[in-house]
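The values are calculated or read from the model by the stated rules, or taken from the named source; none is laboratory data. This structure is a prediction, so every number in the text was calculated from the model and none was measured. A quick note on method: Cβ atoms are made from the backbone with ideal geometry, for glycine too, and the neighbour counts reach across all protein chains shown. When the accessible area is computed, the model is the full protein with side chains, heavy atoms only, and any ligands, DNA or RNA have been set aside. Shrake-Rupley method; radii C 1.70, N 1.55, O 1.52, S 1.80 Å.
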Amino acid sequence: MTTETLDIKITKNTQSRLAQTDFSQLTFGHTFTDHMLVADYADGEWKNFEILPYGPIALSPAISSLHYGQAFFEGLKAYRHADGNVSVFRPDKNAARFNKSAERLCAPELPVDMFIQSIAALVDVERDWVPAADGYSLYIRPFMFATDPYLGVVPSNTYKFIVLTCPVGPYFTKPLRVKFETKYTRAAEGGFGFAKAAGNYAGSMLPSRKAVEEGFDQMIWTDSKEHQYAEELGAANVMFLIDGKLVTPSTRDTILDGVTRDTVIALAKDWGITVEERRVPITEIVEAARSGKLTDAFGAGTAATIAPIGAINYEGEELTLSDPASREFSNRLLNSLNDIRYGRAADTHSWNYMI
Ligand code: PLP
Ligand code: COI
């Protein structure tokens, strides 16, 4: 990792949309800030880092990412502290995961310091767009895609790295009613479920749409072989408090190694709670819910934050869980996470990257 300062050309947007933006009416991912960062990979190196007004870019219709999906992304957030300072939460973890995705998809590595400096520079330019209210933040979407205008199924030689930013509020506004997905599969062993590859999300849309048509908010993905083990919750990791222990599927080929998941595990360990990262059978969750031993269940993700599961449907049996407002563990988690992110509590793990 080099620590040289990245040379980023900045062209300011002279027509800011900030004053016309109603921060109380934000729908996730609809409102973009005034600028974006764009960089190119060609001739074996990253170059042309530039922050410029947000807007369309011209691309050949033959670029391989449009045809073969050689594209992947990250998601992280910047928070405004009460004293006005702005921090980004654990960008080093996203940088590392971005490179795991790159490796799996045969794309070039983006050095960690280039990833972090790109984000820091863009967030600095967009500082005034970072919302201040609790539960609000600036969502940061870095992504990379192949740009060779060539239809052969081979890795591209050229890529674009782009970072967009969006002010956002809560992704989910009510407890989730979920089912176990036992027909469709998000990811299979040997595949790329652990990568934040665009294709993983393309494949999830039909099962998601069907789940919504059946009256569910989300589904718990299960393993592709037997459909007997819980894997993830939509676009978040899934976590359960069973008999006072934090139980969550262990990371593997098919599971995204979530930054929020890692953060929750670290906090639970700080609090002396036993954490079990292992395979989690559907039957165990169902039995625990029936017997009252399942005292908490939630999705954990950057967009989702800590998203309580209100009810789980198992083969037609509706298992209604405790009122999320009364849950000790997930409420403590959300409060602690917010206190750290908004600078109200000591950042003992050094998770906040100050801008
Ligand atoms: N799993 C999937 C499939 C996701 O899309 C996400 C969202 O990023 C997560 C888990 C949670 O990961 P993180 O906490 O790093 O956002
Ligand atoms: C995130 O939490 O950052 C995600 O990527 C979820 C997203 C697909 C909305």
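The set of residues in region 221-254 that are more than 11 Å from VAL280 (Cβ to Cβ), of a type in the set (Val, Ile, Thr) and open to solvent by less than 20 Å² (accessible area, probe 1.4 Å) contains only THR254. Do we find a residue being part of a loop (DSSP other than H, G, I, E, B), within 16 Å of ligand 1 (Cβ to nearest atom) and of a type in the set (D, E, K, R) anywhere in region 43-60? For region 43-60, residues part of a loop (DSSP other than H, G, I, E, B), within 16 Å of ligand 1 (Cβ to nearest atom) and of a type in the set (D, E, K, R): absent. Counting only residues that are among the acidic types (Asp, Glu) and within 14 Å of ALA211 (Cα to Cα), region 308-322 holds 1 of them.
Residues that are open to solvent by 40 Å² or more (accessible area, probe 1.4 Å), more than 16 Å from ligand 2 (Cβ to nearest atom) and within 26 Å of GLU181 (Cα to Cα) are absent from region 342-349 altogether.
Looking at VAL112, VAL86, just one residue is touching a residue at least 40 places away in the same chain (Cβ under 8 Å), of a type in the set (Val, Ile, Thr) and within 22 Å of ASP7 (Cβ to Cβ), and that residue is VAL112. Could you check, for region 271-292, whether at least one of its residues is under 19 Å from GLU181 (Cβ atoms), in a loop (DSSP other than H, G, I, E, B) and away from ligand 2 (no atom under 16 Å from the Cβ)? Scanning region 271-292, I find at least one residue that is under 19 Å from GLU181 (Cβ atoms), in a loop (DSSP other than H, G, I, E, B) and away from ligand 2 (no atom under 16 Å from the Cβ), so the answer is yes. For region 163-209, a residue qualifies if it is out of contact with any Phe, Trp or Tyr (no Cβ under 8 Å at 6 or more places or on another chain) and more than 21 Å from GLY29 (Cβ to Cβ), and the qualifying residues are PRO175, THR182, LYS183, TYR184, ALA188, GLU189, GLY190, GLY191, PHE192, GLY193, PHE194. Candidates THR263, THR254: the one that is closer than 18 Å to PHE180 by Cα and touching a residue at least 60 places away in the same chain (Cβ under 8 Å) is THR254. Note on region 293-332: enclosed strands (runs of 3 or more DSSP E) holding 3 or more residues that are within 20 Å of PHE28 (Cβ to Cβ) and either over 18 Å from the mean Cα position of the chain (by Cα) or not polar (S, T, N, Q) (or both) are 294-301, 305-314.
Among the numbered conditions (1) open to solvent by less than 50 Å² (accessible area, probe 1.4 Å); (2) at pLDDT 95 or above, the only one that LEU66 does not meet is (1). The residue that is surrounded by the most Cβ atoms within 10 Å (Cβ to Cβ), among those in region 147-200 that are part of a loop (DSSP other than H, G, I, E, B) and touching a His at 6+ places or on another chain (Cβ under 9 Å), is THR185. Within this structure, LEU37 fails the test of being open to solvent by 80 Å² or more (accessible area, probe 1.4 Å) and not in a loop (DSSP other than H, G, I, E, B). Would you be able to say whether some residue in region 291-303 is among the aromatic types (Phe, Trp, Tyr), in contact with a strand residue (DSSP E or B) (Cβ under 7 Å, 6 or more places away or on another chain) and within 16 Å of ligand 1 (Cβ to nearest atom)? Yes - at least one qualifying residue is present in region 291-303. Among all residues of region 237-252, there is at least one that is at positive phi and at pLDDT 95 or above.
Residue check: SER208 meets all listed conditions (1) away from ligand 1 (no atom under 16 Å from the Cβ); (2) of a type outside the set (A, V, I, L, M, F, W, C); (3) on the phi < 0 side of the Ramachandran plot but one, namely (1).
For region 69-104, taking the residues that are out of contact with any helix residue (DSSP H, G or I) (no Cβ under 6 Å at 6 or more places or on another chain) and part of a loop (DSSP other than H, G, I, E, B), the one that is surrounded by the fewest Cβ atoms within 10 Å (Cβ to Cβ) is identified as ASP83.
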